[in-house]
1. Please verify whether Tyr184 is in contact (Cβ under 8 Å) with a residue 12 or more places away in the chain, more than 19 Å from the chain's Cα centre (by Cα) and on the phi < 0 side of the Ramachandran plot, treating the condition exactly as stated.
2. Hey, can you tell me all the residues within segment 278-327 that are of a type in the set (Val, Ile, Thr) and surrounded by 22 or more Cβ atoms within 10 Å (Cβ to Cβ)?
3. Can you name every residue in segment 60-82 that is among the hydroxyl-bearing types (Ser, Thr, Tyr) and at pLDDT 95 or above?
4. Can you name the number of the only condition in (1) surrounded by fewer than 18 Cβ atoms within 10 Å (Cβ to Cβ); (2) in a loop (DSSP other than H, G, I, E, B); (3) modelled with pLDDT of 95 or more that Arg118 fails?
5. Only one residue in Leu146, Leu139, Leu135 is surrounded by fewer than 20 Cβ atoms within 10 Å (Cβ to Cβ) and either among the basic types (Lys, Arg) or in contact (Cβ under 8 Å) with a residue 60 or more places away in the chain (or both), so which one is that?
6. Being over 16 Å from Thr286 (Cα atoms), within 17 Å of the chain's Cα centre (by Cα) and of a type in the set (Lys, Arg) is the filter here; which residues of segment 306-344 pass it?
7. Taking strands (runs of 3 or more DSSP E) that do not extend beyond segment 284-395, which have at least 2 residues that are modelled with pLDDT of 95 or more, under 30 Å from Thr142 (Cβ atoms) and touching a helix residue (DSSP H, G or I) at 6+ places or on another chain (Cβ under 6 Å)?
8. Please specify each residue of segment 285-311 satisfying the condition of being closer than 21 Å to Gly331 by Cα and without any contact (Cβ under 8 Å) to a residue 40 or more places away in the chain.
Amino acid sequence: MGAEQAITIERYGSIERIPAAEWDACTGAEDPFSCHGFLAALERSGSASGATGWQPCHLVARDSDGRAVGICPAYIKDHSFGEFIFDWGWADAFERAGGRYYPKLQVSIPFTPVTGPRLAVRPGAADPAAVRRALAEALTETCDRLGLSSVHITFPRREEWDQLGELGWLQRTAHQYHWHNAGYRDFEDFLAHLSHRRRKEIRRERRAVAASGVEIHALDGSEVEAEHLDAFYRLYQETCWQKLGPGYLTRAFLDELSARLGDRALWMMARLDGEWIAGALHLYGTEALYGRNWGCRVDTRERVPYLHFELCYYQAIERAIAAGLPRAEAGVQGEHKLQRGYAPATTYAAHWIAHPGLREAVTTYIAHEREMVAEAIEVLDAHTPYRGRAVHPAP
């Protein structure tokens, strides 16, 4: 780039020190999680903060006129919780060898395994590749200046991942499950494209939910009230405790989310005998409906079999069809999603590791891991329940 197009990088310890208009002009509106409002809700609510091990260290790239032409959501972390593409094994091996893995620099949307812009470039920028390169260089410089062990960029877009590989970053893959809209008219049209066996089983599962007497309430931001948010938070925390421990999100986050992104939120709440027994939070993007958080009472599975599938998968498919969206995303893990019309999709991560020995070991590991991921996706894709082969976008 010429001198007139020189890029400078600014670092911010809070998303709220960055004007929302500048940030959102770079990230766009395709997914709701990369926007200023979502990140501000996480920080202001105390869900993602220094106290929880997510110290904001966001980057803004500016051109010679001072205009923001790129952004990067980054956090200094002293653990690896809430990332969904994990490096616990790397940390353990390095520390057993006498190294110090934490703190590290994490480029991601906290607690959110959704692909989106991580080295986001403002549309119309003269040289998008140069902006991404400047942001990537600023990340490695920050790593070196602060004495951090590594930089991790999780769930970036494919073009960002490709360029990071060209810049020498280590490239990693994983997979999750997405439902793809083949222009279905409605849910029955979707079912018509499945095998007879799967179509029959899905109808049976939905009938069981309907016969249980449960009431399903779909609430948007204008309809959700404190009663619903209180219930959802209680159910979310109860489900988290059943698995690992307390959930990452605070009750205040739900208020912040409702206030800032209420028009993009969909709360699927289930009530039985006058009590809220389950809830699922979805958010709308311009290209997908994203299933995010789920909560239920301990006895829900016995009282209402298949309720999780109804609120998290079938309702999402119905509403994605109604909205004309190309996809519904259901997050990571869970091969049971495959038999309900969701197909494997490749996700990406890129890593910069300062220590030569650890870098060499990780390079060998992820090369083998990429092969395993590709093989797993091929096998899983062959077992989707569609009649013939389902058509999915190229990874």
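1. Numbers: in contact (Cβ under 8 Å) with a residue 12 or more places away in the chain: yes; more than 19 Å from the chain's Cα centre (by Cα): yes; on the phi < 0 side of the Ramachandran plot: yes.
Yes, satisfied.
2. Here is the first cut: in segment 278-327, the ones of a type in the set (Val, Ile, Thr) are 286, 298, 300, 304, 317, 321.
Those that are of a type in the set (Val, Ile, Thr) and surrounded by 22 or more Cβ atoms within 10 Å (Cβ to Cβ): Val304, Ile317.
3. Pass one, segment 60-82, residues among the hydroxyl-bearing types (Ser, Thr, Tyr): 64, 75, 80.
Correct list: Tyr75, Ser80.
4. Arg118 satisfies all of (1) surrounded by fewer than 18 Cβ atoms within 10 Å (Cβ to Cβ); (2) in a loop (DSSP other than H, G, I, E, B); (3) modelled with pLDDT of 95 or more except (1).
5. On the way: Leu139 fails: surrounded by fewer than 20 Cβ atoms within 10 Å (Cβ to Cβ); Leu135 fails: surrounded by fewer than 20 Cβ atoms within 10 Å (Cβ to Cβ).
So the residue among Leu146, Leu139, Leu135 that is surrounded by fewer than 20 Cβ atoms within 10 Å (Cβ to Cβ) and either among the basic types (Lys, Arg) or in contact (Cβ under 8 Å) with a residue 60 or more places away in the chain (or both) is Leu146.
6. Lys337
7. Values: elements: 288-296, 327-329, 343-353.
The strands (runs of 3 or more DSSP E) meeting that bar are 343-353.
8. Once the filter is applied, which keeps residues that are closer than 21 Å to Gly331 by Cα and without any contact (Cβ under 8 Å) to a residue 40 or more places away in the chain, segment 285-311 yields Arg301, His308.
The values are calculated or read from the model by the stated rules, or taken from the named source; none is laboratory data. Please read these numbers as outputs of a predicted model, since none were measured by experiment. Glycine also receives a Cβ, built like all others from the backbone with ideal geometry; neighbour counts cover every protein chain displayed.
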